[in-house]
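The values are calculated or read from the model by the stated rules, or taken from the named source; none is laboratory data. Remember, it's a predicted structure, so these values are computed and weren't measured experimentally. Here the Cβ positions follow ideal geometry from the backbone for every residue, glycine too, while neighbour counts run over all protein chains shown.
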Amino acid sequence: MNDTATPYERPFVEFDQVWLAYNEELRAKNIFAVEDINLKVNRGEFIAIVGPSGCGKSTFTKLTTGLRMPSLGNIIIDGQQVTGPLKISGMAFQAPSLLPWRTTLDNVLLPLEIVEPYRSQFKDRRKEFEERASKLLTSVGLGGMEKKYPWELSGGMQQRASICRALIHEPKMLLLDEPFGALDAFTREELWCTLRDLWEAQRFNVILVTHDLRESVFLADTVYCMSKSPGRFVVRREIPIPRTRDLEVTYTNEFTDIVRELRGHIGAMRKSSAPANP
């Protein structure tokens, strides 16, 4: 083993035998939300996590961002052991959660106002930060919407703004927890392409939690299936479809075969968790 490996030579995300119980009482009873998570994600890799409801997908993202500490095991992100909330990550969820009294531009700027080192620089660098936010909004098709309020935007527009807010501080890692789940199919596919373009331009790490198998196969380099609770990774599926992927690829046999394969894994796990007939 090469202990002198630089941060750029080692995996960007490393989970080493990670277990999590939500409290000490549950831990004493050996009741874990996730168990024996072992994972290595390369720098710049896009992964997706899929699995049955309640399997621990969202718990995994909290562990990755340092919002939860493992009961057992170690988590290393960008060469550093995780001991608390990470500043190098951005997050977006199913609900955009834009503040209704702030314009689109001011919503996107919010992380720079509250997170160091940007907070102490915000007043002096506000014009620079506003230009950065406007450029980011333009890149996702929201150019000219800077002064609009959330209630003036469609659901898809709000989610685009939410992703911009997650990226404004130029994080090394973006975590997405069902970000497109509340949108109609056409808007969802448009945002797949938006996210694809952002990632291909900047190559930050992405961890996408989703119930949508088509979404996972279209966007990710690698898809991981989690078992029923307590969650653990039971399937790792690399996606060999060449990039850049256009929506037309979702109608090919190669694509549908991979989706069908993953659906089979999820279906088997759901059946194994169903109660037996009386």
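Here segment 216-242 is the region considered, the condition is being modelled with pLDDT of 95 or more and part of a loop (DSSP other than H, G, I, E, B), and the residue that is nearest to Val50 (Cα to Cα) is Ala220. Would you check which residues across segment 203-232 are farther than 21 Å from Pro179 by Cβ and touching a Phe, Trp or Tyr at 6+ places or on another chain (Cβ under 9 Å) and list them? Answer for segment 203-232, where residues must be farther than 21 Å from Pro179 by Cβ and touching a Phe, Trp or Tyr at 6+ places or on another chain (Cβ under 9 Å): Ser227, Ser229, Pro230.
Taking the conditions exactly as written (surrounded by fewer than 16 Cβ atoms within 10 Å (Cβ to Cβ), outside any helix (DSSP H, G or I), at negative phi and among the β-branched types (Val, Ile, Thr)), does Thr256 satisfy them or not? When the stated conditions are applied, Thr256 does not pass them. When the residues of segment 86-110 are filtered to those that are of a type in the set (Ser, Thr, Tyr) and either assigned to a helix (DSSP H, G or I) or touching a strand residue (DSSP E or B) at 6+ places or on another chain (Cβ under 8 Å) (or both), the one that is surrounded by the most Cβ atoms within 10 Å (Cβ to Cβ) is Thr104.
For segment 245-278, filtered to residues that are of a type in the set (Ser, Thr, Tyr) and modelled with pLDDT of 95 or more, the residue that is farthest from Asp212 (Cα to Cα) is Thr252.
For (1) under 20 Å from Pro150 (Cα atoms); (2) over 21 Å from the mean Cα position of the chain (by Cα), each residue gets a yes or a no:
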residue: Pro52; (1), (2): no, no
residue: Ser58; (1), (2): no, no
residue: Leu67; (1), (2): no, no
residue: Leu72; (1), (2): no, yes
residue: Gln94; (1), (2): yes, no
residue: Leu109; (1), (2): yes, no
residue: Pro117; (1), (2): no, yes
residue: Arg126; (1), (2): no, yes
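Look through Lys148, Lys172 and report the one residue that is in contact with a strand residue (DSSP E or B) (Cβ under 7 Å, 6 or more places away or on another chain), charged (D, E, K, R) and surrounded by fewer than 20 Cβ atoms within 10 Å (Cβ to Cβ). If you could, list the steps in order and put the result at the bottom.
On the way: Lys148 fails: in contact with a strand residue (DSSP E or B) (Cβ under 7 Å, 6 or more places away or on another chain).
Going through Lys148, Lys172 in turn, just one is in contact with a strand residue (DSSP E or B) (Cβ under 7 Å, 6 or more places away or on another chain), charged (D, E, K, R) and surrounded by fewer than 20 Cβ atoms within 10 Å (Cβ to Cβ): Lys172.
Here's the yes/no breakdown for (1) farther than 26 Å from Ile37 by Cβ; (2) out of contact with any Gly (no Cβ under 9 Å at 6 or more places or on another chain); (3) in contact (Cβ under 8 Å) with a residue 40 or more places away in the chain:
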{"site": "Arg232", "(1), (2), (3)": "no, no, yes"}
{"site": "Glu238", "(1), (2), (3)": "no, yes, no"}
{"site": "Leu247", "(1), (2), (3)": "yes, yes, yes"}
{"site": "Ile258", "(1), (2), (3)": "no, yes, yes"}
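Being surrounded by 18 or more Cβ atoms within 10 Å (Cβ to Cβ), out of contact with any Pro (no Cβ under 8 Å at 6 or more places or on another chain) and not in a strand (DSSP E or B) is a condition met by at least one residue of segment 111-125. Only one entry in Ser53, Ser71 is under 15 Å from Gly231 (Cα atoms) and either in contact with a Leu (Cβ under 8 Å, 6 or more places away or on another chain) or among the aliphatic types (A, V, I, L, M) (or both), namely Ser71.
If the condition is being within 14 Å of the chain's Cα centre (by Cα), crowded, with 18+ Cβ neighbours inside 10 Å and either among the β-branched types (Val, Ile, Thr) or closer than 19 Å to Leu153 by Cβ (or both), then segment 177-190 contributes Pro179, Phe180.
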